[in-house]
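Everything below concerns the one structure shown next.
The values are calculated or read from the model by the stated rules, or taken from the named source; none is laboratory data. Since we're looking at a predicted model, the values are computed, not measured. Neighbour counts run over all protein chains shown; Cβ positions are idealised from the backbone, glycine included. Just so you know, the surface numbers come from the protein's heavy atoms only, side chains and all, with ligands and any DNA or RNA stripped out. Shrake-Rupley method; radii C 1.70, N 1.55, O 1.52, S 1.80 Å.
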Amino acid sequence: MMAETKELNTLFILENGDVYTNPTEVKMSQFILPCHANHRGELSAGQLLKWMDTTACLSAERHANCPCVTASVDDIDFEYTPSIGQVVNIKAKVNRAFNTSLEVGIMITCEDPFSGMQWKVCNAFATFVAKGAGLQKVQLKPVIPRTPSEQMEYSIAAERRRMRLHHLDTIKDLVSSSTVQDEPNLEESQSAVAAGKTRVESVELVLPPHANHQSNTFGGQIMAWMESVATISASRFCKGYPVLRTIDMFHFRGPSQVGDRINLKAIVNNAFEKSFEVGVCAEACHLEDWDRKTHINSAFMTFVVLDKDGVLSTFPHIKPEPGDGERRYREARARKKIQLDRKYIISCKQTEVPLSVPWDPSNQVYLSYNNISALKTLATKQNWVLNCTQNKAKLFTLEEGQQLFFKVEMTVSVNIKQVFMLLSDMSRRPEWDTHYQKFELIQKVDEDDVIYHVISPSVSKGSKFQDFVLLASRRVPCAEGDPYLIALRSVSLPAAPPTEDLIRSEVLCAGFTLSQDEDIRTRITYYIQTTPGILPYITRDITGLSADLCKIIEACNQFLEQNKDIVNVAL
Ligand code: COA
Ligand code: ADP
């Protein structure tokens, strides 16, 4: 039995002294040979996608104990292009199983065996669906995360799943709200390259080596074929050697089998200053019925070209074909905007993201993801120090480098769904929190996200009042045992500019996690990461859970008790 453990650096040591390894972890190392590379000696991205998919699929199958197929792969940013003679190392492990699907985290590095140098190539998250014999759905067993980093990935995987299942709708919404500026510019089109010149059509026959033992084509093989036609289309446009930089999140809509013919079509959708997007679509034709075509995948790949000094080349505009071409031109611009937002908000480390990120419909999904995942990360932190206990509340602190975190825990005799409804209704917070002197709803983004403005009294006599613009994101549990969450972070938006009479202050990460204790008791944990704006409110309290904080906790308790029967808990 694995029992109490402690983590040493990145090693997790079991009680018996053994080093813990995740049971689903699969590693693959490959020497890059000329057959894996293009004519410039660089590893072909398609080959890398095949290796990634195989490693991830083997990891998924270790957990599922049955064959799995690739359902989707989240956006990938390629940071380094490995070359012949280098070694690619791929590590995959299952982060979380949902019902029939599971998320696999994949990390790819590359090393030069002679110098010993190592580089990160990319990381990725792929979703696989378990396919048992016949049509019966396979209910997967849950993953039990053991190390703090596994617990964090497990927790955030639920938020990534939500994001990928909304991905198509997000793109559709953005495209439908795109403005006139996104229309192709007729003056520019004089010197523009006609998109039609970049069109590529190709076909592949699915043979047994391209498929698993159940004859299902490997997702990695389809991705490799798609990457190959996309690269040809890209070369026709740039008249040089394109380098694949990013692949947009994509979804395998339908399966294909040995014997299918895969039709692949690619064209340049839009060109930006230093990059351009190629769209590629794959459909399967079946030997028994040529007219029955199944659309299996569409992918959008962004390429760049580097000159001999490694400087990014500049591109001419693209002249889209009328109809679908013009629509794809606009959609490519929307995807570009989303990619930039995602990079800015998600790919940055938590500490690198500025406190108040400007809110915008195109980055809403990522800001909301960032809001929830920051709270989840905070909630998985270890080594909290109990500072004091007063009434039913406990105050903990945690110092990490320059950062200071607080958490307050209390238990109330109120149903968890009621607590969630009451605490996530920000307009009611002034009823119990004296820091919320004036509250104004600025925007209801969707069912689970609101942006609001709050004015707080001054901390010291004579100083100005402070104000905050906050994004509140709430989540019901993805599965039994998950907590309810209400996350808060500062954002900025033109509708609520800073004013002279108030000190605009910021919150990087704060919020509540709620979990069921016994019967109807609910454990409420409030977390906050300190920033200069909120530090004065907290440091007054740290010396002994000051009367002020105590009053707020008591008021919160009373508010929940008094309102426990009034709200509708149809969640
Ligand atoms: N990204 C990630 N997971 C997705 C998804 C997406 N875009 N779309 C659906 N899923 C997940 C669902 O969340 C669900 O997971 P859960 O059971 O854990 O909740 C699971 O896929 C099944 O969803 P369901 O709605 O029942 O099925 P579907 O009709 O949407 O089918 C696939 C989903 C992936 C099974 C189906 O599209 C398919 O067979 N695709 C081809 C897969 C394949 O053969 N790949 C290899 C290359 S061809
Ligand atoms: P959409 O048209 O919404 O982009 P599709 O799945 O039809 O979605 O196509 C995905 C991408 O594949 C397109 O954006 C385009 O770049 C490319 N594509 C689709 N059809 C063709 C075609 N007939 N010829 C060349 N490329 C195509």
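For segment 121-276, the Kirkwood estimate of hydrodynamic radius, built from reciprocal distances between every pair of different alpha carbons, is 19.5 Å.
For segment 251-331, the extents of the C-alpha atoms along the principal axes are 51, 31, 18 Å, listed from largest to smallest. Remark on segment 362-432: hydrodynamic radius 14.8 angstrom, per the Kirkwood mean of 1/r across alpha carbon pairs. Computed over segment 192-313, the percent of Cα pairs more than 19 Å apart is 49.
Restricted to Cα atoms, segment 284-326 shows a radius of gyration and a Dmax of 18.3, 53 angstrom.
Taken over segment 294-409, the ratio of Cα radius of gyration to 2.2 N^0.38 Å equals 1.68.
Ignoring any ligand, DNA or RNA, what whole percent of the accessible area of the chain comes from carbon and sulfur when the probe is 1.4 angstrom?
Result for the chain: 53 percent of the exposed heavy-atom area is carbon or sulfur.
Quotient of the Cα radius of gyration of segment 76-180 and 2.2 N^0.38 Å, N being its number of residues: 1.41. Of the residues Glu150, Glu409, ranked by 1.4 Å probe accessible area with the largest first, the sequence reads Glu409, Glu150.
What share of the DSSP beta bridges in the chain is antiparallel, in percent to the nearest 5? The answer is about 95 percent antiparallel.
An ellipsoid equivalent to segment 18-87, defined through the eigenvalues of its Cα gyration tensor, has semi-axes of 26, 15, 11 Å when rounded to whole angstrom and sorted largest first. For the residues Tyr526, Tyr344, Tyr369, a 1.4 Å probe over the protein chains yields an accessible-area ranking, largest first, of Tyr344, Tyr526, Tyr369. Entry comment: accessible area of the chain is 48 Å² per residue, from protein heavy atoms only and a probe of 1.4 Å. Among complete DSSP H helices in the chain, those whose alpha-carbon atoms stretch at least 18 Å along the helix's long axis and whose mean Kyte-Doolittle hydropathy reaches 0.5 are 219-238.
What is the sum of charges, Lys and Arg at +1 and Asp and Glu at -1, for the other residues whose Cβ falls under 13 Å from the Cβ of Glu447? Once positives and negatives cancel, what remains is 0. Summed over all non-identical Cα pairs, the Kirkwood treatment of segment 346-489 gives a radius of 17.2 Å.
Please compute the net charge surrounding Ala282, taking Lys and Arg as +1 and Asp and Glu as -1 over other residues with Cβ under 10 Å from its Cβ.
Residues near Ala282 contribute 0 overall.
With the convex hull constructed from alpha-carbon coordinates only, the chain shows a mean projected area of 31.3 nm² over all directions.
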